[in-house]
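Undergrad: Sharing a structure below in structure tokens format, with a few things to ask.
The values are calculated or read from the model by the stated rules, or taken from the named source; none is laboratory data. From a predicted model like this one, the values you see are computed outputs, not experimental measurements. Counting neighbours? That spans all protein chains shown, and the Cβs are built from the backbone with ideal geometry, glycine included. With ligands, DNA and RNA removed, areas are computed over all heavy atoms of the protein, side chains included. Shrake-Rupley method; radii C 1.70, N 1.55, O 1.52, S 1.80 Å.
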Amino acid sequence: MAGSAEADDARAAAGVIDSGRGARADVEHAHRGGGADRKSDGGGQGGPGGGVFDRLRSRVAGFDKRLIWFVGPTVVVLAAVIGYPVVRAAYMSFQQDKGLDPDTGMFVQGGFAGLSNYKTWLLGDCGGGAWSCVPGTLGHDFWPAVGITFFFAVITVSVETVLGIWMATVMGRSFLGRSLLRAAVLIPWAIPTAVTAKLWAFIFAPDGIANKIIGQPIAWTTDPWASRFAVIIADVWKTTPFMALLILAGLQMIPNELYEAARVDGATAWQRFTRITLPLVKPALMVAVLFRTMDALRMYDLPAILTGDSGASPTTTMSILVTADMRQGNFNSASALSTLVFIIIFIVAFILVKFLGANAVRTQDEQRKGGAL
């Protein structure tokens, strides 16, 4: 009964907040959009009964051309800084790398390669058909690298999310030395990743402190599974504070009145966490998960420095494979791999934003309608 009453109070308070947001949004909408609606109603072209072209013509007529001067320079800069490298990489991915012609034995310059670079990575085709890349070649290491990358992403993000919620809950309480604790938690995140990797390399050395504490001579940097868990431990240690800070920002937005009402109704700490904290902190939590997932999928420096950056390493990620291919002079092949990595990360980000609600920028209409968080 107490839990039900607490839930009702929480829903009521949340409803008040949502209704307040909706009311404010309605007022803003009325101020900004009311004029346009009145015009549509009066002219008849943009009304409900108009066609698609009429509505499009109405929107074009009402477009504020001053926005071009505000948005235009930003679009041009983004196109130059982001668009050009992406287009250039896509173009290079369809070019052949320099190499020896097997028929003439002469060194030849690239040329159009079609989909051969993509077939090398996706099908393991090194010139002899699908899965013809032998062990020791980078084409053979593509799918293991994809599996290792997603293994790191799933494990590290899951562990960091749980630890981040716990750390944010602790730091959100009022106690003596809270500011000092918040500053101390930031230290691992502030250390450069390369320094973090070297620090943990000393810890996981054969005669390092990790083996001394455990009392077992574990080969942390050479054994396949031990090296993978070494990378996970180092990454969790470094980036959990980042998750905690983002979640803490979400916790600070929850009104204390909700917790006080829940306590009066006899709700336990677990009920307050699952029925108030977790639902209301979900937007910040999902944004933190989105950022960390993107970061984990492009992980390079930590495993490269800690355990090695060759394609045959048990901790080889997709980014390490790209740089390994570039060191061999295969820039066009590496461009194809980079394009594949870009597509994979884009698909994962789309799934998180579209289906799991990890949307960092919600439109005002979504907020007014109380859309998915």
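Undergrad: Using a 1.4 angstrom probe with every protein chain in place, what is the largest-first accessible-area order of Asp141, Asp295?
TA: Asp295, Asp141
Undergrad: Order the peptides 177-185, 300-308 from the highest to the lowest mean number of other Cβ atoms within 10 Å of their residues.
TA: So the peptides 177-185, 300-308, ranked by packing, come out 300-308, 177-185.
Undergrad: Order of 152-160, 235-243 by packing, highest average Cβ count within 10 Å first?
TA: Highest-to-lowest ranking by the protection proxy: 235-243, 152-160.
Undergrad: Please give the direction-averaged projected area of the C-alpha convex hull for the range 149-371, in square nanometres with one decimal.
TA: Answer in nm², one decimal: 16.0.
Undergrad: Okay, next question. Check Gln95: other-chain or 5+ apart residues with amide H under 5 Å from its amide H, H built from backbone geometry?
TA: Result for Gln95 returns Ala113.
Undergrad: Given a 1.4 angstrom probe, what's the average accessible area per residue across the range 149-371, in square angstrom?
TA: 51
Undergrad: Now a separate question. Rounded to the nearest 0.05, what FRET efficiency do Ser179 and Lys282 give with R0 = 25 Å and r taken as the Cβ-Cβ distance? Could you check?
TA: In this case the efficiency is close to 0.40.
Undergrad: What's the ranking of 335-341, 169-175 by average number of surrounding C-beta atoms within 10 Å, highest first?
TA: 335-341, 169-175
Undergrad: Return the whole-Å distance between the Cα centroid of the range 247-281 and the Cα centroid of the range 101-147.
TA: With the range 247-281 and the range 101-147 each reduced to a Cα centre, they are spaced 55 Å.
Undergrad: Within the range 65-167, which trypsin sites (Lys or Arg not before Pro) sit in a loop by DSSP and count at most 10 neighbouring Cβ atoms inside 10 Å?
TA: Lys65
Undergrad: Could you derive backbone 3J(HN,Hα) for the range 141-158 from the dihedral phi with the Karplus parameters 6.51, -1.76 and 1.60 (θ = phi - 60°), listing whole Hz in sequence and x where the residue is Gly or Pro?
TA: Whole-Hz 3J(HN,Hα) from phi for the range 141-158: 9, 5, 5, x, 5, 4, x, 5, 4, 5, 4, 4, 5, 5, 5, 5, 5, 5.
Undergrad: Pop a pseudo-label 7 angstrom from the Cα along the beta-carbon direction at both Arg59 and Gln328 and give the gap in nm to one decimal.
TA: In this crude label model, Arg59 to Gln328 measures out at 4.8 nm.
Undergrad: Under a plain spin-label model, where a point goes 7 Å from the Cα along Cα-to-Cβ, how far apart in nm are Trp189 and Phe70?
TA: Rounded to a tenth, the inter-label distance reads 3.1 nm.
Undergrad: While we're looking at this one, here's another question. Ignoring ligands, DNA and RNA, please state the percent of accessible area on the range 245-362 from carbon and sulfur, probe 1.4 Å.
TA: Carbon with sulfur: 66 percent of the solvent-accessible area.
Undergrad: Turning to a different aspect of this structure: Write down the accessible area per residue of the range 49-137 in Å², having rolled a 1.4 Å probe over the full set of protein chains.
TA: Solvent-accessible surface per residue comes out at 77 Å².
Undergrad: Continuing with this model, one more query. Given R₀ = 25 Å, what would the calculated FRET efficiency be for Thr104 paired with Ser132, taking r from the Cβ atoms and rounding to 0.05?
TA: Using R0 = 25 Å, I get an efficiency of 0.70.
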